[in-house]
1. So which chymotrypsin sites (Phe, Trp or Tyr not before Pro) in the range 243-339 pass both tests, a DSSP loop state and at most 16 other Cβ atoms within 10 Å of the Cβ?
2. Using a 10 angstrom cutoff on alpha carbons, build the Gaussian network for the chain and name the most mobile of SER310, SER292, SER340.
3. Loop only by DSSP, 14 or fewer other Cβ within 10 Å of the Cβ. Give me the chymotrypsin sites (Phe, Trp or Tyr not before Pro) in the range 76-169 that pass, ordered by residue number.
4. Stretched out fully, how many nm does the piece from THR29 to TRP15 gain, at 0.36 nm a residue minus the Cα gap?
5. Please name whichever of VAL275, GLN83, TRP260 sits farthest to the positive end of the charge dipole of the chain, dipole taken about the Cα centre and charges placed at Cβ: Lys and Arg +1, Asp and Glu -1.
6. Given an 8 Å cut-off on Cα distances and at least 6 residues of separation, report the relative contact order of the range 40-183 as a percent.
7. Among the lysines, select those whose C-alpha is under 21 Å from the C-alpha of LYS137, and discard any that sit fewer than 8 residues away in the same chain.
8. How much net charge surrounds MET431 when only the other residues with a Cβ under 14 Å from the Cβ of MET431 are counted, with Lys and Arg +1 and Asp and Glu -1?
Amino acid sequence: MNEMNTLDASKSPLWHPWLPNTSPDQWLTVVEGEGCWVKDEYGNRYLDACGGVWSTQCGLGNKPIIEAITEQLHTLSFASLMQNRTHPTALKLAKKLVELTPDPLENVFLTNSGSESVDLAIKLARQFWQIQDRPDKHHIVHLDCSFHGSFFGSMSVTGLIGTPPGWSPGVPSMHAIPAPLDAGVPTEEALWQSTQQLEMLAIQSFGNLAAFIVEPIVGSAGVYPFPQAWWDQVRQICQQHEILLIVDEVATGFGRTGTWFACEHYGLHPDILTVSKGISNGYLPLGATLFSKEIGDTFRDHHTPIYHGSSHNGNPVCCAAALATIEELSKGGLVEKAKSSGTYFLNALAKLDSPLVREVRGIGLMLAMSLQQTDGSAPQPLQILAVHKALEENGLLTYRFQEGILLFPALTISETELDFAVEAIANTLAMENILQADPSYV
């Protein structure tokens, strides 16, 4: 066996998601974390303004969650939901999820991730119609700027990326419609175009659209809340054409936007809802797909199982983490805090006096900052990367998207820590040549 420094990522056989394994200088090796802060192998501290992967709602090192995990490990460290087996922790979690989510969701299938939750949602929608002798009703609609995951099915409904070279074609019968945005701005014309295309697909498919999957607030594309009028029309079209509404709350659920689930902002009652990320505070891999009483009853009436499952679905330790996370969110008032902290953060960022900021937008602690070059033109990918790295050097970890940076900190973040983030962003944008038009590094 070859000896190597375990902290030297450039010499590791480990591959990282979405990145080529060719840039030895790009790795930040994080070794410690507490609250909203992490420390690298050299002792440098960073404020994590992206909450891990938008998932550590209660921060790092949360003692009650860790204690619940530890207790479960000592009590029942593994149990399966296969072969007529079950366990109390999964049963308790399913009951709690039904209590938290909007009607008519009454059924729960536990998964290991958001991508898996979406894959299952697609399978559920298709199977629901097929067991009712409607096998042609299998088409799925999504938005052209959506992100729903990286599994085969979930990536096939991810319009933001399209079909990457090397593994196409994706799952057939997936259709993209435009989001109700015109250059990132919701307009009446864009709203009409979006809903018109949804209705045209319903008509042209002769009623064979199985489901429409949508994020209540588009995340990876840049945090775009859609107007209530669009949601009202979508709901009407779905009801008229018997299209199941799948709401993907993987990024927005568990308090991120100032409500338990973002669909509450729009009065949505989805047929299927997917969750992950914040469900277990990001400590252990867990997700869930919830579905309506009608869907559940249809499966039961036809004595039909859900054709899905893997070894670790409903792992008791993961379920214990989720129950403790929900308890922490509830008793700590963190859902309400996300709303007030988000308003504070958004107002502070909006006051930044920089010509490089095109727009700051968001809801709760789910924010995006769109940037521009010094001449007002859209930034280039390498420029966004340079801003991202400069922020890191100034002690702030963010996520980047096509136009700028995403900010999804833990819901426990203090105003002092938010002030630190704003100052780090201000200092970064004030750096010489940052976002300079036609910079030498592009």
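1. Sites meeting the loop and neighbour criteria: TYR307.
2. SER310
3. Values: sites: PHE78, PHE109, PHE128, TRP129, PHE147, PHE151, PHE152, TRP167; in loops: PHE78, PHE147, PHE151, TRP167.
Counting only loop positions with at most 14 other Cβ atoms within 10 Å, the chymotrypsin sites (Phe, Trp or Tyr not before Pro) in the range 76-169 are PHE78, TRP167.
4. Taking 0.36 nm per residue and subtracting the Cα distance, the gain is 3.7 nm.
5. Result: GLN83, furthest along the dipole toward the positive end.
6. After rounding, I find 14 percent.
7. LYS123, LYS293
8. Residues close to MET431 contribute a combined charge of -3.
Throughout, read-outs are computed from the coordinates displayed, never taken from laboratory work. Computed from a prediction, not measured in an experiment: that's the story for all the values here. Cβ: placed from backbone, ideal geometry, glycine included. Neighbour counts: every protein chain shown.
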